[in-house]
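Accompanying notes for the structure given below.
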Amino acid sequence: MKQIFSTRWLHWRKQWLSLIIWLLLPIIATLMVVTIANQWQEETVIPIGLVVEDDTTMANDLVQAIYDTELIRVHQMEREQALTELEQHELDSVFVIEQGYMDKIKTNDRKKVITAYVSDMSIAYTPVKEAIASYVQQDAGASRAAYTLDAMATHYNTKPTWTWNEIVATSNQIKQEEALLDTDFSFNQQAKQHQENKALSLWNVWGIWSVFAFLTTFFLFDWVIKEKQSAIKVRLSLLPISFKGYLVRNGLLYGGLLLLSDLINMSLLSLYTGQTIDRNQVLAIIVFRFTICLGAFLIAQCFQTSFYYYVSVLPLTLIMAVIGGAIIPIDGLPNKWAWISYFSPMQQLVKSDSLTVWSIILLVVFFIWYWGKGEKHA
Amino acid sequence: MLKVDSLAKHYGLKQILEDVSFQVEQGEVVGLVGENGAGKSTLLHLLATLTAPETGSIAYQDLNYQKNIREIRKKIGFIPQDIAIWEDFSVKENMVFFEQLSWVKKSEQELRQLCQDMKLDEWKTKTKSLSGGMKRKLNIAISLIHDPAILLLDEPTVGIDLKSRREIGTYLYNLAKKQGKIVIYTSHDMEEIVTYCDRVYCIGQDPFYQELLEEKGILVQKL
């Protein structure tokens, strides 16, 4: 193996620039895609106008909740100005928190607490309206609980020892503690963690990385075709190790180099996303690397020229990415037909699985190839 | 002694070699001539263990090819017709590359000496900038790194200038005569065959080469 490393090193020294570019491509491309995607998300938020005519705690809390809503850019202004901007289609819709909002909620009167304005060009009115209505509903629900308790106290002729504010606060606290719907985007099914960059979480970072890692691995393994086809193959066939042995040992070296690069990539992505990586994820990366190196190695054996290999790699990468759920993780094909995802090694990485059908199938094919015809006489 | 007995080989429906038998003594230079497609390269590939015969046997000294393929390969230096070197490597890097993978270990000094013996004085020059003759010399030098007992050369001097051709021919002849190596090579250059070969075998049905060499007083045996 030392000799194989020495000889491969001679090649790598000649190709150091292209080698480094290929090794760095997955991390650079992933960071670029994620950054651009985040920027795009920032730029494509929905502008809405917000008019606040009620200066109470509850109204201010509602305003804050609207401000905190993702994918909405809130412009707080006067009603007249907001309607002008809506007419000019600078705003998608306008919502007015009417005077007496808190009083109406407190008295369980939910009519006309919020007024909404839309134009014929509003495209996101319905989802924004639903979001704001849900915040109002929360306030109304807590208030209704207080109102009911107060009514019961009156009915049973007892004097309540709590205030309306205390009931609302307690109600909100219980709702938070026993939330039925708790949505939290997480990284590779990792335990819930605080994420500083919420927009980033919408993208499956490892899914994107796996696409580029797949592509670069296949392009780097073109050495198999070049050395298999060169006149040098005759020389390499007469060595102390067989030609297949020579290819396999070099494949292992490439696999080792790529794995080293993966671990560096992993650390950098971990720093970028601000998330820790556990043992399962490291194991998943190792298995993923092993699988795609073995796949690239065996597929390269089927080609006589590099050109057709390169041409085949691009659609193969795309197909694997789509069926593996690496680039369409939310409503992609795997959600429709779960079985299809098993055909892509990327699914294994995205789900942090350590054992895949692919690695086993490829190992079997590898042994058939290695012990098959042509080993004795090169 | 290299002994070939009743070899036969076909590719598809085409019979390339049929009942080929001959033997070569240590220190002999043997030429293989014949028209294109006659089976010269196939015979060299069989002798180099790169392919297996359908019938017949080959033995070097007491070693049967079929049973001792690893031992036989240690003794074979095969020089392919295509120049089999890494074009983006220097002469030195090419020599070091194949030395690392070779049956024997050689120092850089020994490798350089081997090149100098072949009048290949460039050492750090990129092979892509070498002349055709120099590339051919390097092609041979690489095959000699492990000091093989049998040298099998497939048109080793094709497409190079007369000076380089003579240098290579003389070097191979000296290897056989001074070090007792068996040298078997194919060539279409009858001048070269006449000058350096102790014996000539003609392969194929076309009598052209046989008649041509016999006109020059060379005894040609038909395989």
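The values are calculated or read from the model by the stated rules, or taken from the named source; none is laboratory data. All figures in this text were calculated on a predicted structure; none of them were measured in a lab. Here Cβ is always computed from backbone atoms with ideal geometry, including for glycine, and neighbour counts include all displayed protein chains. Quick note on the areas: whole protein, heavy atoms, side chains included, nothing else; ligands and nucleic acids left out. Shrake-Rupley method; radii C 1.70, N 1.55, O 1.52, S 1.80 Å.
Listed values, structure above:
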{"item": "Residues in segment B:99-113 occluded by at least 20 Å² - accessible area, probe radius 1.4 Å, against chain by itself", "result": "B:GLN100, B:LEU101, B:TRP103"}
{"item": "All-pairs alpha carbon distance profile, segment B:1-143, 5 Å steps from 0, percent", "result": "2, 9, 16, 17, 16, 14, 13, 9, 4, 0"}
{"item": "Rounded Å value of the spacing that divides the Cα centres of segment A:238-270 and segment B:121-152", "result": "30 Å"}
{"item": "Förster-model FRET efficiency, 45 Å R0, A:TYR67 and A:LEU318, C-beta, rounded to 0.05", "result": "0.70"}
{"item": "Probe 1.4 Å, accessible area per residue of segment B:87-148, Å²", "result": "41 Å²"}
{"item": "Overall form of segment B:30-91 per C-alpha gyration tensor (a/c, 1.5; a/b vs b/c)", "result": "oblate"}
{"item": "A/B buried area, accessible surface, summed, 1.4 Å probe, Å²", "result": "2600 Å²"}
{"item": "Rounded accessible area per residue of segment A:1-64, 1.4 Å, Å²", "result": "55 Å²"}
{"item": "Carbon plus sulfur fraction of accessible area for the protein assembly as shown, probe 1.4 Å, in percent", "result": "57 percent"}
{"item": "Accessible surface, per residue, of segment A:73-150 when the full set of protein chains is kept, probe 1.4 Å, Å²", "result": "58 Å²"}
{"item": "For segment B:87-148, the spread of Cα positions along each principal axis, largest first, Å", "result": "29, 21, 17"}
{"item": "Segment B:8-97: trypsin sites (Lys or Arg not before Pro) in DSSP coil with no more than 11 other Cβ atoms inside 10 Å", "result": "B:LYS67"}
{"item": "Potential lengthening between A:THR148 and A:GLN301 on full extension [0.36 nm per residue; Cα-Cα distance subtracted]", "result": "47.5 nm"}
{"item": "The protein assembly as shown shape via C-alpha gyration tensor axes, a/c threshold 1.5", "result": "prolate"}
{"item": "Net charge of Cβ neighbours under 14 Å - reference B:SER6; Lys, Arg +1; Asp, Glu -1", "result": "-2"}
{"item": "For B:HIS188, solvent-accessible area (1.4 Å; no DNA, RNA or ligand), Å²", "result": "70 Å²"}
{"item": "222 nm mean residue ellipticity, helices alone, for chain B (DSSP H n ≥ 4; -39,500 (n - 2.57); rounded to 500)", "result": "-10500 deg cm²/dmol"}
